[in-house]
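Following: one structure in C-alpha cells, then a few remarks.
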Amino acid sequence: MKEKIDEIASEIEQKVINYRRDFHKYPETGWIEFRTASKVAGILAKLGYELKMGKEVISKEDRMGLPSEKIFKKEFERAKDQGADLKYIDNFEGGFTGLVGILKNGPGPTIAFRFDIDGVDVSETNNRDHQPVEEGFKSKNEGAMHACGHDGHTAIGLGLAEVLMKIKDEFSGTIKLIFQPAEEGVRGARSMAKAGVVEDVDYLIGLHLGLGVDNSEVYAGTKGFLATSKFDAYFDGEPAHAGAQPELGNNALLAAANAVSNLYAISRHSQGVTRINVGKLNAGSGRNVIPAKAHLVIETRGETSELNNYMYNQAQKVLKNSTQMYDVDFELKSMGGAESGKSDPELQNRIKSTADKLTDFNKVYEETATLGGSEDFTYFMKDVQKNGGLATFIILGTKLKGAHHKANFDFDERSLVKGVKLLSNLVLDLSK
C-alpha cells in the first residue's frame, strides 16, 4: 500500500506545490482568511468531503484578537476580487474563517489533522534571489506574507485529502481535516475547540514545517509548549493643561509607566519557567496636555497553564493598583492565548514506526522536540487527551531560507509531498 501512496503522491506533487504558491501569493492574516478558506472549501467539496464551515465550527464568544468591522468588510471584498470561491465565501463572512472536511468511511477510529491557514504581518522581500519573486508568486497583499509555512501546511492538508479519497477502500474510520484560522497570535484554536470540533477524536495530529529541523528529518512529537495569555490594557484618564491646571488631570501615561515597571517586578515562580513582556506602550496627545489615554500590549507565559495563570493574575493586580494610584480607569481585552501541553508517547511511537518505513526521511528522532514557544494547537490537544484520545505535534524538517517571520522566509517545496506521504501512511496505520 505504501507504493500506491507513493504513486498517487508523486502524481499530485505539482498540484500540491501549486496550492502552496497560490496561497502564498494571496496571504491573509488572522480572522480575514476569506479567500483561503473559500478555496479550501471548494477543493474539499470537489473531492467529496462533507463540509462544516464558519459558525458551525467556531464559537463566536471564544474568538480573540478580532479586527474591526471596517477591516472585515474591506478584506472580504478584496478576497472576492482576488479569486475567492464565491460558492462558499459567504460562510466565512464576519471572520468565521475556519472549516472542517469530514470523510466518514465506516467503523473505526476518528483521526483528525489540524492545518493552520493564516499569514503573518510581514512585508515580503523584493530580492530577486527570493524564490517567490523569481517564480512569480510573491505576496500581492502589502504588509502580509506567509512567513511561517502555513501556506505549506494548508497545501499538505489538501494533498492528504486527495490521497485519502483515492485509497479509502484501504482503511476504515472517520477523518477530520481541520483548517484553522488565526494561529499567529494564538487566537483561533480555542474558538474551534469550544465549538466541539475535536470532542469525538481518538487521534489528533498537528504538523509544522521547519522550526530548526533539517531537510528529510522528522520529530514525531513535541513538548515544551509554553502556556500564554496575550492581552491589551487600556487606560482612560482625564486631560488637562499641563502648565495652567495640571492638578485637574488624571495621568494615564504615568499609570501605564508605573504598571510597566511593576509588571517586570512580578516574582518568578519556583515551580517552573515564567515570562512577561510589555511589547508596546502608546500614550498621550500633545506636549502640553496631561495624557488622558494609554495603551499597553502585554503577554505572559508559563511552563504550565497553572504557571501562566499565576503570571496573568499577578499582572492584573499590578494593572489595577497602578490605575488606582493615578485615579484612572482601565479595561483589559483578551487578544490570544494557548495552553501548555505535550505529545503522547504512544502516538509518537506509532508515527515513528510509520516514518521509519518510508524512504523520504533520513532520520526520525526518538526523542521529543522542545518547542520553547507557544502554539494554540494545545487547545485541541488538551480536549482530545481529556476525553481519552491521543495527540501529537509533528515537526517536519525542511531546508529554510530565512528564519520564520522574516521577509525572506521560504522553504524547500519538496518537503510538501513528504508530509502528504507521512500523514497518508499514518492513517492506514492508525485505522487498523
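Which of the following residues is in contact (Cβ under 8 Å) with a residue 24 or more places away in the chain, in contact with a strand residue (DSSP E or B) (Cβ under 7 Å, 6 or more places away or on another chain) and either under 11 Å from His24 (Cα atoms) or among the hydrophobic types (A, V, I, L, M, F, W, C) (or both): Phe115, Phe137, Phe96?
Phe115
Just to verify a result, which residue in region 263-280, among those that are within 22 Å of the chain's Cα centre (by Cα) and crowded, with 17+ Cβ neighbours inside 10 Å, is farthest from Val297 (Cα to Cα)?
Per the criteria, the residue is Thr274.
So Gly30 fits all but one of (1) in a helix (DSSP H, G or I); (2) under 18 Å from Glu183 (Cα atoms); what number is the exception?
(1)
Just to check your reading of the model, which residue among Asp85, Asp22, Asp90 is crowded, with 17+ Cβ neighbours inside 10 Å and part of a helix (DSSP H, G or I)?
Being crowded, with 17+ Cβ neighbours inside 10 Å and part of a helix (DSSP H, G or I) holds for just one of Asp85, Asp22, Asp90, which is Asp22.
Regarding Ile175, is this residue touching a residue at least 12 places away in the same chain (Cβ under 8 Å) and not in a helix (DSSP H, G or I)? Walk me through it before giving the result.
Numbers: touching a residue at least 12 places away in the same chain (Cβ under 8 Å): yes; not in a helix (DSSP H, G or I): yes.
The answer is yes for Ile175.
Somewhere in region 309-325, is a residue polar (S, T, N, Q), touching a Lys or Arg at 6+ places or on another chain (Cβ under 9 Å) and within 22 Å of Gly65 (Cα to Cα)?
There is no residue in region 309-325 that is polar (S, T, N, Q), touching a Lys or Arg at 6+ places or on another chain (Cβ under 9 Å) and within 22 Å of Gly65 (Cα to Cα).
Filter region 200-229 down to the residues that are open to solvent by 10 Å² or more (accessible area, probe 1.4 Å), in contact with a Lys or Arg (Cβ under 7 Å, 6 or more places away or on another chain) and of a type outside the set (S, T, N, Q), then identify the one that is nearest to Phe411 (Cα to Cα).
By that ranking, first place goes to Glu217.
The values are calculated or read from the model by the stated rules, or taken from the named source; none is laboratory data. Fair warning: this is a prediction, and the values are worked out from it, not measured in the lab. Note that we place each Cβ from the backbone using ideal geometry, even for glycine, and neighbour counts take in every protein chain shown. We work out accessible area using only protein heavy atoms, side chains counted, and drop any ligands, DNA or RNA first. Shrake-Rupley method; radii C 1.70, N 1.55, O 1.52, S 1.80 Å.
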